[in-house]
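All remarks here apply to the structure that follows.
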Amino acid sequence: MSQTPRIFLTRLFPSAVMERLSSSYEIVGTPTLEAYGQSDILEFSKSADAIFCDSTSRFDREMIEILPDNIKMITTFSVGYDHLDVAAASEKGILLGNTPDVLTDATADIALLCMLGAARMAQSAAETLRDGGWNSWSPTQFLGIHMSGKKLGILGMGRIGQAVARRARGFDMKIHYHNRRPVTARGLEEAVYHDNLKDLLAQSEFLSINCPLSDSTHHLINETSIARLPDNAVLVNTARGPIVDENALIQALKSGKIAAAGLDVFENEPNLNPDYLELRNLFVLPHVGSATIETRDAMGFKCLDNLDAFFAGREIPNPITL
Ligand code: 8YV
């Protein structure tokens, strides 16, 4: 290993992060706003000790196995790590790190924005206004679904799920959740635990998806699970697109089984399923859950903390383990 550790960045990160990175490390190549593709990643990795990536770069088993042996660590600018094959990395002796906690609030804020935005038809109302299509006020125009006081089902009660629940309490929502285990957390004493998804769905006038993507959550929300929701439910996904079978969701939005959906994540990012474009009962954002200046800086600093600890021979603060 060279004296100054060499870091390959799959793309440019916020300037405060780049500044701190370049003061302690040798940056391999010239990162750009657009992320490098697989062959460039492999080429640049030959001259690096660690990789600093985000969730748009996949390191599946095949990719990890062909990474050069000089790569000792990958730190991802994300809390989610479904793009990293943890078992393959561990077999190859590559340490993985991520950025939990610092994006909890920003992501929960966006979940609430998606809930309200979908329920109150905010996007189609705003588009009508901007397109010059608002001709007069009318008592039956842009009628949405009342959010206050409704039952909110949260799928996945980790840090972000809990933060969504606390915010929803401010709207007098009744919180129900499904998680591997019940949680005991401040402000959530009255939240109702369901040990199975089926029971949660039956209660969810609003459903917020906050679980990680894994083999067991891929398409967990599909035609069958959507059928279990109350009629006119509102579905919100700020976790990962592939947890929801998009075709099933689109059918349910068309039939009116689901009244509206608020989505910050999609199955095939950055491509939006063209069928979504025909729907008015949709509130969509381009994966901006963590997109505040403060949060993105903090995420970058967490990646730096992981790198700093690793290269100082200490345990990294946010390891991803099996
Ligand atoms: C990241 C995210 O910013 O942290 C996550 O898991 O989904 C986002 O907030 C994005 O994935 C880029 O890495």
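The values are calculated or read from the model by the stated rules, or taken from the named source; none is laboratory data. Just so we're clear, the structure is a prediction, and the values are computed from it rather than from any experiment. Because the Cβ atoms are built from the backbone with ideal geometry, glycine has one as well, and the counts that use them run over all protein chains shown. Ligands, DNA and RNA are excluded from the accessible area calculation, which covers all protein heavy atoms including side chains. Shrake-Rupley method; radii C 1.70, N 1.55, O 1.52, S 1.80 Å.
Find the eigenvalues of the gyration tensor of the Cα atoms of region 156-195, then list the square roots of 5 times those eigenvalues as equivalent ellipsoid semi-axes, largest first, in whole angstrom. Let's see the in-between values first.
On the way: eigenvalues 46, 21, 15 Å².
Values for region 156-195, descending: 15, 10, 9 Å.
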Quiz item: Taking the Cα centre of each part, how many Å lie between region 281-322 and region 1-69?
Solution: 15
Quiz item: If we count every other residue with Cβ under 12 angstrom of residue 174's Cβ, Lys/Arg +1 and Asp/Glu -1, where does the sum land?
Solution: 0
Quiz prompt | Column: log10 I(q)/I(0), Debye, Cα scatterers of region 104-284, q = 0.14 Å⁻¹ | solution = -0.70
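Using a 1.4 angstrom probe on heavy atoms only, work out the carbon and sulfur share of the accessible area of region 104-284 in %.
Details: 4410 of 8950 Å².
On region 104-284, the fraction of accessible area on carbon and sulfur atoms equals 49 percent.
Using only DSSP helix segments of four residues or longer, with each worth -39500 (n - 2.57), what per-residue ellipticity at 222 nm results for the chain after dividing by its residue count and rounding to 500? Before the final figure, lay out each step's value.
Working: 11 runs with 108 residues, N = 322.
That comes out to -10000 deg cm²/dmol.
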Quiz prompt | Mean Cβ count within 10 Å, highest first, over the residues of peptides 64-71, 77-84 | solution = 77-84, 64-71
Quiz item: Whole number please: convex hull volume per residue of the Cα set in region 181-322, in Å³?
Solution: 159
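So what's Rg/Rh here for the chain, counting alpha carbon atoms and using the Kirkwood radius for Rh? Don't jump to the answer; show the numbers that get you there.
Values: Rg = 21.3 Å, Rh = 21.0 Å.
With Rg and the Kirkwood Rh in hand, the quotient comes to 1.01.
Scan the chain and note any complete DSSP helix (H) whose C-alpha atoms cover at least 15 Å along its axis and whose Kyte-Doolittle average is 0.0 or more. Before the final figure, lay out each step's value.
Details: long enough: 104-119 (22 Å, 1.28); 159-169 (16 Å, -0.71); 293-311 (27 Å, 0.08).
In the chain, the long hydrophobic H runs are 104-119, 293-311.
What number comes out for accessible area per residue over the chain if the probe is 1.4 Å? Units Å², please. It would help to have the intermediate numbers written out before the result.
Details: 15550 Å² over 322 residues.
In whole numbers, the chain has 48 Å² accessible per residue.
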Exercise. With viscosity set to 0.692 mPa s and temperature to 37 °C, compute the Stokes-Einstein D of region 39-175, Rh being the Kirkwood radius across alpha carbon pairs; µm²/s, no decimals.
Key: 177
